[in-house]
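First the structure, in the form of structure tokens, and then the observations on it.
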Amino acid sequence: MRLSASRPIGLITGGGGAIGSGIAAALVRDGWSVVLADRDLVAAKAAAERIGRAHVAAILACDVCDEASVRSVVEQTTSTFGRIDGLATAAGGGKAVGPRTLFWETGRQDWTLNLETHLVSVMTTCQAVLPQMLKQKSGVILNVASGAGLRGGPPMSRQRFAEVYALAKAGVIAFTQSIALEFAPLGVRANCIAPGRAESTRRTADGLLAVGHEEEAREPGSSRLSPLGRFGRSDDLGNAAAFLMSDRSTWITGTCMDVSGGIRLH
Ligand SMILES: NC(=O)c1ccc[n+]([C@@H]2O[C@H](COP(=O)([O-])OP(=O)(O)OC[C@H]3O[C@@H](n4cnc5c(N)ncnc54)[C@H](O)[C@@H]3O)[C@@H](O)[C@H]2O)c1
């Protein structure tokens, strides 16, 4: 690992993914050094190349569903850099839990994988990082939720079968609000972003647009294209996350910022 003493240190789980690498890139632009943790090291190394190696302090193998692996990554980061200024949890996504299927055809095994990947992992990672942030009396946590956690998965066709995912993401929002309240007096802020439909390692934003048009032809209204005329790019999510992790948002905690290009208006 490289030492970058003067820059804040951000740990990003799922740092090899579209949203995780978007967050890492935005943090680097804001003057951070980042540690990318991912179970897919090839993806994490490719992300580091895109971001620019100078401020990627380390790339660490991590399975966020394995508590020992998460603790090891946090320990390696703190022992090398002496601090963790920010945590962004961006591991997961559709590829991690397999194709969606009818809820009544799924079982506990599917639910457990989804909940472990999208909810328990966030709890585990925050729990592992918090003691260091409390020691520092400062730190920012940014959890990646989803629109599904704000308003459920159905009824739009592309969101059907998202019951357990929606439950996990609603849990992420409630969990983040709770840690925000508990740890605010101790110097730690915690917020979420709730991305709308955005690019991932499975599909680029342009690829999503093509799929959206096909869906629209089959079922009008189902593609949920943003009024801005496109789907989300990793930078869109990265910039929102970096703002919530920055000193420009020091009076914002416990919020869930909807980053959906106006698909959902509250
Ligand atoms: N892309 C979207 O439309 C969208 C919308 C709302 C929410 N989200 C959420 O954003 C987060 C990131 O999704 P994405 O679109 O960047 O997906 P992605 O597939 O591009 O990236 C996910 C990354 O997480 C890693 N990962 C998966 N399981 C892991 C595990 N157990 N341990 C460690 N790493 C693991 C993958 O290797 C990958 O690099 C997910 O939580 C997803 O649910 C995405």
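The values are calculated or read from the model by the stated rules, or taken from the named source; none is laboratory data. Note that the structure is predicted; figures quoted are calculated from it, not measured. No Cβ is skipped: glycine too gets one built from the backbone with ideal geometry, and neighbour counts run over all protein chains shown. Accessible surface is based on the protein model in full, side chains and every heavy atom, while ligands, DNA and RNA are left aside. Shrake-Rupley method; radii C 1.70, N 1.55, O 1.52, S 1.80 Å.
Here is how the numbers come out for the structure above:
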item: Accessible surface, 1.4 Å probe, highest first, among residues 211, 42; result: 42, 211
item: Where 247, 258, 235 fall by accessible area, highest first, once all protein chains stay in place (1.4 Å); result: 247, 235, 258
item: Nearest-10 value in Å² for the accessible area of residue 49, using the 1.4 Å probe; result: 120
item: Backbone HN-Hα couplings from phi across the range 246-251 [Karplus 6.51/-1.76/1.60, Hz, Gly and Pro as x]; result: 9, 6, 7, 10, 5, 10
item: Highest-fluctuation residue, 16, 207, 238 considered, GNM on the chain with Cα pairs under 10 Å; result: 207
item: Nearby lysines by direct alpha-carbon distance to residue 135 (threshold 26 angstrom, same-chain neighbours under 8 apart not counted); result: none
item: For the range 138-257: relative contact order, % (alpha-carbon pairs under 8 angstrom, 6 or more apart); result: 32
item: Carbon plus sulfur fraction of accessible area for the chain, probe 1.4 Å, in percent; result: 56
item: Listed residues 175, 103, 81, most fluctuating in the chain (Gaussian network, C-alpha, under 10 Å); result: 103
item: Summed residue charge, Cβ within 15 Å of residue 182's Cβ, Lys/Arg positive, Asp/Glu negative; result: +2
item: Free-standing Cys residues across the chain, given no other cysteine C-beta under 4.7 angstrom; result: 62, 65, 126
item: Area of residue 255 that stays accessible when all protein chains are in place (1.4 Å probe, Å², to 10); result: 50
item: Exposure of residue 117 as accessible area (Å², to 10), given a probe of 1.4 Å and all protein chains; result: 10
item: Length-normalised contact order of the chain in % [C-alpha pairs under 8 Å, at least 6 apart]; result: 20
item: Protein-only accessible surface order, largest first, of 137, 169 at 1.4 Å; result: 137, 169
item: Per residue value of the accessible surface for the range 9-258 (all protein chains in place, 1.4 Å probe), Å²; result: 45
item: Euclidean distance of C-alpha centroids, the range 113-130 and the range 184-247, integer Å; result: 21
item: GNM top mover of 250, 112, 101 - the chain, alpha-carbon springs below 10 Å; result: 101
item: Total charge dipole magnitude, the range 9-258, about the Cα centre, Cβ charges on Lys, Arg, Asp, Glu only, Debye to nearest 20; result: 240
item: Farthest toward positive dipole pole in the range 110-266 [+1 Lys/Arg, -1 Asp/Glu at C-beta], among 125, 136, 239; result: 136
